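What follows draws every value from the coordinates through simple rules; no lab data is involved. What you see is a predicted model, and the numbers here were worked out from it, not measured in a lab. Heads up, the Cβs are rebuilt from the backbone with ideal geometry, glycines too, and the neighbour counts pull from every protein chain shown.
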Amino acid sequence: MRIEIDSRSGFCFGVVHAIRAAEEALKAGRPLYCLGDIVHNTMEVNRLKKMGLQIIDHETYQTKSDCSVLIRAHGEPPETYQYADENNINLIDATCPIVLRLQQRVGLACEEMKQVGGQVIIFGKQGHAEVVGLKGQCPEQVIVVSGEDELNKIDFSKPVRMFAQTTQDIGEYKTLQDEILTRMKPYSLTPGRFKATDSICRQVSKRAPELATFARAHDVVIFASDPKSSNGKYLYGVCKQANPNTHFVGSIDEVNTAWVQNIQSVGICGATSTPLWMMEGIREKLLQS
Ligand code: SF4
């Protein structure tokens, strides 16, 4: 039986970088706090907790001083940095470089729109950590929309600069851009009044088609993910559609070796929040069966 782990499944480089930064800092043996879950995977978070990582929320952060705090890949708004400066907090900044660049672009767009009374639109999930960090670049000017039903928040007579949360769907983003353009037309569309930046991260957006190809190439597919991960639910659906012999597992223990009896090939894959050690553990279990 051939067993293949999908080389493109698992953490994106932004998350890998944040986890490495945490592991490195924890080696020093001093307490390390992380603002929010470092990754949406309970088992990986528990592994890091055992090494000494303490997850805190923003309310608790506001009570800390003289300590080290890790900023995860999603990034943070400027006030988090300001609070650290004022309270002798050593920030270990593991903001993904792609998110950091996007924060800078949103900040520049805000400056530009301030001059002409325009608006900066972020297509994303209200309250999502990355969106909070982006909106924080200029809270009074940024409007967050999660879909077409929220476009009424926009004043179509004013100039618009538009960005998307890095993990949004490209198709939906394009549809929203078209709709905004249509609604702006009656107010005249002079050049430069509307500009949308493609800020979607290909590390995530390319996963679905690649995963479907991977799933089709195997007799049985084992898809590993934290059941709470929304990316996991979505990508599992993609695999299941491409190959109905796809099984979802939330842990190595849930793997049923009867699934792979008398078959030629098994594919092991997962979400963007699935650790490699989990997929390797599944392979070990299958090899020993
Ligand atoms: S921007 Fe891309 S690489 Fe960076 S954390 Fe988000 S999904 Fe990962």
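Computed quantities for the displayed model
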item: Over the stretch 172-218, volume per residue of the alpha carbon convex hull, in Å³; result: 73
item: The stretch 138-179 versus the stretch 1-74: alpha-carbon centroid distance in Å; result: 31
item: Structure-based [θ]222 nm, the chain - -39500 (n - 2.57) summed over DSSP H runs of at least 4, per residue, nearest 500; result: -12500 deg cm²/dmol
item: Where N is the number of residues in the stretch 182-257, Cα Rg divided by 2.2 N^0.38 Å; result: 1.71
item: Simple spin-label estimate for SER251 and THR190 in nanometres, 7 Å along Cα-Cβ; result: 6.3
item: Mean separation of Cα contacts under 8 Å, 6 or more apart, over the residue count of the chain: relative contact order %; result: 21
item: Members of LYS49/LYS285; LYS49/LYS174; LYS206/LYS240; LYS158/LYS228 lying beyond 28 Å, as alpha-carbon distances in this model show; result: LYS49/LYS174; LYS158/LYS228
item: Residues whose placed amide H lies under 5 Å from that of THR246, excluding near-sequence neighbours; result: VAL221
item: Total formal charge among the other residues, if their Cβ is under 13 angstrom from that of MET184, Lys/Arg +1 and Asp/Glu -1; result: +3
item: Simple label model, 7 Å out from Cα along Cβ direction - ARG202 to LYS228, nm; result: 3.3
item: Radius of gyration, Dmax [the chain; alpha carbons; angstrom]; result: 21.7, 68
item: Net lengthening on full extension, SER265/GLU111 (0.36 nm per residue, minus Cα-Cα); result: 49.9 nm
item: FRET efficiency, 1/(1 + (r/R0)^6) with R0 35 Å, evaluated for ILE56 and ILE143 via beta carbons; result: 0.75
item: Volume per residue that the Cα convex hull of the stretch 131-269 spans, once the total is divided by residue count, Å³; result: 130
item: Three semi-axes of the equivalent ellipsoid, the stretch 30-105, Cα gyration tensor, whole Å, largest first; result: 20, 17, 9
item: Chain lengthening between MET1 and LEU151 when straightened (0.36 nm per residue, less Cα-Cα); result: 48.8 nm
item: Where Rh is the Kirkwood radius over Cα pairs, Rg/Rh for the stretch 98-201; result: 0.92
item: Spin-label pair ARG20/LYS158, simplified geometry with 7 Å Cα→Cβ offset, distance in nm; result: 4.2
item: Length gained when the stretch ARG30-ALA217 is fully extended (0.36 nm per residue, less Cα-Cα span); result: 62.7 nm
